[in-house]
1. Beyond 32 Å between alpha-carbons counts as too far, so tell me which of Lys23/Lys119; Lys38/Lys73; Lys149/Lys170; Lys89/Lys167; Lys70/Lys170 fall in that bin.
2. What are the lysines whose alpha-carbon lies under 18 Å from the alpha-carbon of Lys165, with same-chain residues fewer than 8 places away excluded?
3. Using the Karplus equation 6.51 cos²θ - 1.76 cosθ + 1.60 (θ = phi - 60°), what ³J(HN,Hα) coupling, rounded to whole Hz, does each residue of region 133-145 give in order, writing x for Gly and Pro?
4. Normalised by the empirical 2.2 N^0.38 Å for globular proteins, what value does the Cα Rg of region 77-177 take?
5. Would you mind ranking Thr110, Thr129, Thr142 so that the residue whose beta carbon has the fewest other beta carbons within 10 Å leads the list?
6. For an R0 of 41 angstrom, estimate the FRET efficiency from the Cβ-Cβ distance between Glu95 and Leu24 and round to the nearest 0.05.
Amino acid sequence: MDRNAQMVMAVSGRFVVTDPTSKLHADVFFDELSMCHKIDFRGRLEKDFTTIPLAELLLEKMQIVQLNEKHVKDTILLMREHDVRSDDKESINYEHIANIMAADWGFYYTVTTNLNPVKNRLSSYPELTEEDRNNVSHKIETLLEMIEKKPKALAWKLRARVCTKSKWYKDVEDVNR
């Protein structure tokens, strides 16, 4: 294979494109991101011209079962810079997120479980002002409140009875990069 040729590998419903020379890679998804949980982009990509909508960007960070420092920081920054409202206009759409959470107990469990540690770790970042910490904390509380208020589907309620006794997420195949 030519040194400059790109390698494409299909892994768990995604395509990983790697440049063998630089070792740079890109994950390419079509219609949905399917990692620990599925985030469906159909009908949503039109909401923001330059990127995925902010609600999906937040969900992409919070859908990871084993939350890492990078995702905590990304979430804090995202919530610091954007309002949490019921629309997509430069805001994190709590209505859209609450609808997704009300339909899928596993996704709900992962997201709500991850948001609380993000909130609890705000004080460990000296770069944040007290105003920043209060702002992000309030937005997390608002989002959690909106998620809890949304009536849950019957399938959600039935799955909630099983709780974590049965696996609620999909393992993500790690790509050796």
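No value in this document is a laboratory result; all are computed from the given coordinates. Please read these numbers as outputs of a predicted model, since none were measured by experiment. As a convention, Cβ positions derive from the backbone with ideal geometry for all residues, glycine included, and neighbour counts pool all protein chains shown.
1. On the way: Lys23/Lys119 35 Å; Lys38/Lys73 22 Å; Lys149/Lys170 26 Å; Lys89/Lys167 35 Å; Lys70/Lys170 21 Å.
Beyond 32 Å: Lys23/Lys119; Lys89/Lys167.
2. Lys157
3. Here the 3J(HN,Hα) series is 4, 5, 4, 5, 4, 4, 5, 5, 4, 4, 4, 4, 4 Hz.
4. Values: Rg = 15.6 Å, N = 101, 2.2 N^0.38 = 12.7 Å.
Taking the Cα Rg and dividing by 2.2 N^0.38 Å, one obtains 1.23.
5. Values: Thr110 22, Thr129 10, Thr142 16.
Fewest to most other Cβ atoms nearby, the residues stand as Thr129, Thr142, Thr110.
6. Numbers: r = 37 Å, r/R0 = 0.90.
It comes out at approximately 0.65.
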